[in-house]
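Here's the structure we're looking at; comments come further down.
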């Protein structure tokens, strides 16, 4: 009992708890002005590791072996938390990872699964309307950064025309097969005009 009474020899009891609950809490008697190294060694031994493999914190402050309870105003019965090195405050780290994922990772995928392509469409794909000069039109989803060649091929197939029958225009500008939507700053649901090329003054049919 004498060890517990701080009035006699200045010693007090400190509790060291493992952040992951890997072992029971450790209680160590220590003087207010004694270095905490002794406490760390005792705790690491109980946790079946070494002090170098643990990071000790009190009220969010990292404790060093040459620190004393008095430096950090640790009271009788104060609790020090031991974290595996590199895993301090895992709850905060996990929260940050989740937020990042929701902004640009898992969250976007979830929205796609639910049929709302708005997130990925803004970043990568857009839906374009290709309209034939003869009237019919169709929608096609394309990547902003890939050539429009495949969309043009699809238009000939959709409108049942031979390859190279159409010339394609966007806002009056002739489009080439290697052009990309990004080059022309195309947005979702923009229209591309498919005009039949004139050969010898007569349209191809």
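Before moving on, here are some points about what is shown:
- Of all residues assigned to region 112-133, none qualifies as being more than 19 Å from residue 198 (Cβ to Cβ), modelled with pLDDT of 90 or more and assigned to a helix (DSSP H, G or I).
A quick yes/no check of all residues on (1) part of a loop (DSSP other than H, G, I, E, B); (2) in the same structural domain as residue 79 (by TED's automatic domain parsing); (3) closer than 15 Å to residue 85 by Cα:
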residue: 16; (1), (2), (3): no, yes, no
residue: 22; (1), (2), (3): yes, yes, yes
residue: 34; (1), (2), (3): yes, yes, no
residue: 42; (1), (2), (3): no, yes, no
residue: 48; (1), (2), (3): yes, yes, yes
residue: 67; (1), (2), (3): yes, yes, no
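- Residues in region 68-79 that are modelled with pLDDT of 90 or more and touching a helix residue (DSSP H, G or I) at 6+ places or on another chain (Cβ under 9 Å): 76 alone.
- Taken together, the residues in region 69-84 that are surrounded by 15 or more Cβ atoms within 10 Å (Cβ to Cβ) and either within 11 Å of residue 19 (Cα to Cα) or out of contact with any strand residue (DSSP E or B) (no Cβ under 8 Å at 6 or more places or on another chain) (or both) amount to 6.
The values are calculated or read from the model by the stated rules, or taken from the named source; none is laboratory data. Source: prediction; values computed, not measured. As a convention, Cβ positions derive from the backbone with ideal geometry for all residues, glycine included, and neighbour counts pool all protein chains shown.
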